């Protein structure tokens, strides 16, 4: 979302955000949680999401060791941290070279 924030319609980005959390909520319901539990779980997931956003906001300016330490905080299994850091960095670079419309073409109507 950060990569496309500057050059795209805020409405499209909001729709992607809403869709993502709607899918999370549907998944929680499918597991079998009740309405009260869903509200608590969604609050937990939103807090986790915004916590991640806060930590990775300056990802592209961080060195590899700092990136490693950020991911370790959010993952239970840290055995492949170096691989994941490289993966996410390559993904970020890929996003900067391809337009948002290339990713959402045929998926989101706008």
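Placing pseudo-labels 7 Å out from each Cα toward the beta carbon at residue 24 and residue 93 gives an inter-label distance of 2.9 nm.
With the helix formula -39500 (n - 2.57) applied to DSSP H stretches of n ≥ 4, the chain reaches a computed 222 nm mean residue ellipticity of -23500 deg cm²/dmol.
Determine the shape class of region 2-104: with a ≥ b ≥ c the square roots of the Cα gyration tensor eigenvalues, call it rounded for a/c under 1.5, and otherwise prolate if a/b is greater than b/c, oblate otherwise. Since a/c reaches 1.5 but b/c is at least a/b, the shape of region 2-104 is classed as oblate. Here the Gaussian network model covers the chain, with springs between Cα atoms less than 10 Å apart; of 76, 18, 44, 76 fluctuates the most.
With the simple model of a label 7 Å out from the Cα in the direction of the Cβ, residue 13 to residue 72 spans 3.2 nm.
Read-outs: derived from the displayed coordinates by stated rules, not from any lab. In this text, all values refer to a predicted model and were calculated from it rather than measured experimentally. Here the Cβ is made from the backbone with ideal geometry for all residues, glycine too, and neighbour counts use every protein chain on show.
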